[in-house]
Amino acid sequence: MKEINDMQGMAGQARHDKSAMGHTLKGTGADHDKFKMKGAQSLIEALLHEGVDTIFGYPGGQAIPIYDALYDYKDKLNHILVRHEQGATHAAQGYARVSGKVGVTLVTSGPGVANTITGIADAMMDSTPIVVIAGQVPSNLLGTDAFQEVDVIGVTLPISKWAYQVRHAEEIPWAVARAFYIASTGRPGPVVLDIAKNAQVGIVDYRPVSIDHIRSYIPVPDMEPERIAEAAQLIDAAQKPLALVGQGVILGNAEKELLDFLRKADIPAASTVLGLSALPSDEPLNVGMLGMHGNVAPNLKTNECDVLIAIGIRFDDRVTGDLNSYAKQAKIIHFDVDPAEIDKNVKVDIPILGNAKETLAAVVKLLKENKHTAWRDEFKAPWEKEIQVVINKELHPGTGPLTMGEVVHKVSEATGHDAVLVTDVGQNQMMGVRYFQFKQTRSVVTSGGLGTMGYGLPAAIGAKFGAPERTVCLFTGDGGLQMTIQELGTIMQSNVDVKIILLNNDYLGMVRQWQELFWQERYSETLMQNPDFIKIAAAYNIPGRLVSEREELDEAIREMLETKGPYLLEAKVVRKGMVYPMVPAGSAVTNIILG
Amino acid sequence: MEEINDNQGIAGQARNDDNEKTLYTITIFSENMVGLLNQVTIIFTRRGLNIETLSVSPSAIEGIHKFTITAFSERDDIEKIVKQIDKRVDIVKAYYNTDEDLVFQEIALYKVSTQKLLSLDSIEGIVRRYNARILDMTEVWVILEKTGHYDETQALFKELSEKIGVLQFIRSGRVAITKSKVERLSDMLAAMEEKLNRKPTIHNY
Ligand SMILES: Cc1ncc(C[n+]2csc(CCOP(=O)(O)OP(=O)(O)O)c2C)c(N)n1
Ligand SMILES: [Mg+2]
């Protein structure tokens, strides 16, 4: 304990020497550029300097100076008032995911910032670049259990890429520049800025700060030419190569390089949930989705391929199932920007560090053109089987209640397979990612790593602001919708054009599915008594329609898409539906339940 | 003043449990920022690894702090932990070594009763044998200092506590120096400087 105290003492004494931390002042230096302002205003200026145009937030006592400064910037900075701070973080995530820009959240201290924890953790898991700015009690009250004081740094350090407390007004431009640089570079992630009230009201000479390096931080490790050569050789020699596509491809803007790579060597590719839309759905080399509820063919072939090429994936357990039986027959090549992902879950033969855009391009240069016709044909039989046993039943049930899959499928069709898919978590999510189709990249917004119920509605709001010209379709469940349903207020106030499709089964469906399959149908606390959702939407001035008959579905979808502005389409779906195929948690990827 | 006996028991116990594991020394260079130690320790916490010893001080390079941490672990785990530490933005560099790669020391202080120490056959004998030295003394107590490896400082503790009892005992965390010629960090910083001069910016948003 003694050492710990001493350490903190030292750190406190030696106030960080900012020049040593790699920041450069990039103002013009001219005197007219320097002007005196409050720290709060310098924060807004610094955000504008980073190119921010939209903020999702909620005010409170320790953020009032920032909100006051914002009042004068209404024409430059669009602040979206959410209904709960968790919603602000998910909206920032949705915005970031579709736009590729950093999402920004602004909240007050204590309960305000505590409400952002779920969103920060979610963004960390899914490598989503967001900056969460929180007001904090004045420096002189820190550590005193002051009103609405929370140890924000202590709480958020383990779940953020970087967290920093600003105690002096002069630090603000530097801290903002650093926050955006860290959030957006390398493997992106959430950054937290905890800004003490005194720093917000202190007077500073504002000069814009830009940061292009931090000496302790290597966002993109150097590419290793020997590894690139080894990988190319291995791929050239492969008879049965299989590529696994993760979000790293999207985050690295490497979609084109991926396609060049796959086409040149004729490699079939499957995607993780978060990697979806990096490849168009109708790309012939696209063999589907991986994982627990992924497609049969790529899961089976994972354990039959001779070279497995993982690109920007982190071998999550929902993708790999039992690691002891995962792709044991294959040589594995792993492209990733994050060295800590190499060998973390799966031991790889050739790690390729760097940005996929560069590393894939480098490999492509060395590759021979190739054909793997016989191998690619092997995917057909399992696909046929899945279509027969699972997909046809789900998409074209003919009689009986509506199914989730058919609703998703119809909406995807009606939007020309070109809308942004946002999902909540549960069966609705898995049906969404299984049956929605994509034409362009950055079309999927879903909570992959954390599996956060309540993510969908606010994330859809953010997605609409991030891609205003695109149609945004949210698929959500009766459970998840009610976790952040208050964001209907945000939709109303800011007139956000999101199409909400509620797949209502009156159950916490995914948990119920597990109870049915693995817990002897003991449906403990998964039955939901639900409100009249259409009435709730109506109370927020959001038009909607309840559909339970198959004959009405097309017409209702048309009405939804033709309505300008937000719309709630509630589909009463089969109450005890199942998501198949399913690889039970922890079992081999080849152990697939088809229903 | 009460004598302490448990100390040895507890320390010894923890070590026995980890018999099959290797003691790794993790060296971390970091920026000197508030909360840095916390950033490092939470990574151990997440993986449920005990820290055996810890020492932190300014390094030879200005503005950079050096952590020396020892922990019993399996190689696979330590590798992952070190990568995860290295990944933190404010960590300049982290790496691990086993004892063979290192020269290392711990320092221990022992407070014993002057009267009891004098009752021993040969004070000189014990001081000499252990290569210890007397730091300070009053009529009531004597403070001995010994540097060495854990086993060595522990052996003196054991002998003193068995013969005359120890009033207070403290042992520092390990400090270590690698046997390779240069401090790796200076290499790394030099390489980084070079790279920055070569490549201007990577601003990708
Ligand atoms: C915040 C949170 N709490 C609990 C869970 C566990 N969980 C996962 S899916 C699920 C059921 C979701 O029910 P619903 O929103 O109705 O969607 P459905 O599965 O019925 O489509 C639950 C409770 C979770 N993922 N997130
Ligand atoms: Mg449900």
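Here are some notes:
- Strands (runs of 3 or more DSSP E) contained in the range A:184-271 and holding at least 2 residues of a type outside the set (S, T, N, Q) and in the same structural domain as A:D282 (by TED's automatic domain parsing): A:241-245, A:269-271
- Residue among A:M510, A:M582 that alone is under 30 Å from A:C305 (Cα atoms), surrounded by 15 or more Cβ atoms within 10 Å (Cβ to Cβ) and of a type outside the set (D, E): A:M582
- Residue within the range A:489-506 that is within 14 Å of ligand 1 (Cβ to nearest atom), surrounded by fewer than 23 Cβ atoms within 10 Å (Cβ to Cβ) and closer than 18 Å to A:G451 by Cα present: no
- Listed by first and then second residue, the pairs with beta-carbon distance under 6 Å, at least 6 apart or on different chains, first residue in the range A:198-217 and more than 18 Å from B:E194 (Cα to Cα), second of a type in the set (F, W, Y) and in a helix (DSSP H, G or I), are A:V209/A:W174.
- Among the residues of this structure, A:F465 counts as one that is in contact with a strand residue (DSSP E or B) (Cβ under 7 Å, 6 or more places away or on another chain), of a type in the set (F, W, Y) and farther than 16 Å from A:V579 by Cβ.
- Selection within the range A:520-541 - exposed (fewer than 13 other Cβ atoms within 10 Å of the Cβ), within 18 Å of A:E570 (Cα to Cα) and not aliphatic (A, V, I, L, M): A:Q529, A:P531, A:D532, A:K535
- Index of the failed condition, B:A155 passing every other in (1) at pLDDT 80 or above; (2) within 13 Å of chain A (Cβ to nearest Cβ): (2)
- Test: residue in the range A:428-448 that is within 8 Å of ligand 1 (Cβ to nearest atom), surrounded by fewer than 24 Cβ atoms within 10 Å (Cβ to Cβ) and under 23 Å from A:T116 (Cβ atoms): no
- Pairs with Cβ under 8 Å, 6+ apart, first in the range A:276-288 and assigned by TED's automatic domain parsing to the domain that holds A:G248, second at pLDDT below 95 and not in a loop (DSSP other than H, G, I, E, B): none
- Single residue of the range A:511-537 satisfying the filter (touching a residue at least 24 places away in the same chain (Cβ under 8 Å) and more than 14 Å from ligand 2 (Cβ to nearest atom)) that is nearest to the other protein chains (Cβ to nearest Cβ): A:F518
- Residue count for the range A:204-228, restricted to those that are more than 7 Å from every other protein chain (Cβ to nearest Cβ), within 19 Å of A:V364 (Cβ to Cβ) and of a type in the set (V, I, T): 1.
- Taking residues in the range B:68-87 that are away from every other protein chain (no Cβ under 12 Å) and in contact (Cβ under 8 Å) with a residue 12 or more places away in the chain, and partners anywhere that are assigned to a helix (DSSP H, G or I) and among the aromatic types (F, W, Y), the pairs with Cβ atoms closer than 8 Å and at least 6 places apart or on different chains are B:A71/B:F44.
- Test: A:N345 is within 14 Å of chain B (Cβ to nearest Cβ) and crowded, with 20+ Cβ neighbours inside 10 Å: no
- Some residue of the range A:400-407 being more than 12 Å from ligand 1 (Cβ to nearest atom), under 12 Å from A:S281 (Cβ atoms), more than 14 Å from chain B (Cβ to nearest Cβ) and acidic (D, E): no
- Considering the range B:30-67, the residues that are closer than 20 Å to B:A176 by Cβ and among the hydroxyl-bearing types (S, T, Y) include one that is farthest from the other protein chains (Cβ to nearest Cβ), namely B:S59.
- If you go through the range A:529-563 and pick out every residue that is more than 25 Å from A:E413 (Cα to Cα) and among the basic types (K, R), you end up with 1.
- Candidates A:I461, A:I534, A:I542, A:I485 - the one that is within 16 Å of ligand 1 (Cβ to nearest atom) and either closer than 25 Å to A:R83 by Cα or assigned by TED's automatic domain parsing to the domain that holds A:D126 (or both): A:I485
- Selection of the range A:465-510 for residues being of a type in the set (S, T, Y) and more than 14 Å from ligand 2 (Cβ to nearest atom) yields A:T471, A:T484, A:T490, A:S494.
- Apart from one condition, B:T27 fits all of (1) more than 17 Å from the chain's Cα centre (by Cα); (2) modelled with pLDDT of 90 or more; (3) not acidic (D, E); the exception is (1).
- Unmet criterion (only one of (1) over 27 Å from the mean Cα position of the chain (by Cα); (2) within 13 Å of ligand 1 (Cβ to nearest atom); (3) of a type in the set (G, A, S)) for A:S548: (2)
- Scan of the range A:464-481 for residues that are more than 8 Å from ligand 1 (Cβ to nearest atom) and not acidic (D, E), ordered by number: A:K464, A:F465, A:G466, A:A467, A:P468, A:R470, A:T471, A:V472, A:C473, A:L474, A:F475
One line per residue, one yes/no per condition, for (1) in a helix (DSSP H, G or I); (2) within 15 Å of ligand 2 (Cβ to nearest atom); (3) on the phi < 0 side of the Ramachandran plot:
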residue	(1), (2), (3)
A:G405	yes, yes, yes
A:V408	yes, yes, yes
A:H417	no, no, no
A:V425	no, yes, yes
A:N428	yes, yes, yes
A:V433	yes, no, yes
A:K439	no, no, yes
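- Within the range A:151-182, the set of residues being within 18 Å of A:D126 (Cα to Cα) and surrounded by fewer than 22 Cβ atoms within 10 Å (Cβ to Cβ) comprises A:L157, A:P158, A:I159.
The values are calculated or read from the model by the stated rules, or taken from the named source; none is laboratory data. This structure is a prediction, so every number in the text was calculated from the model and none was measured. Cβ coordinates were reconstructed from backbone atoms using ideal geometry, including for glycine residues, and neighbour counts include every protein chain displayed.
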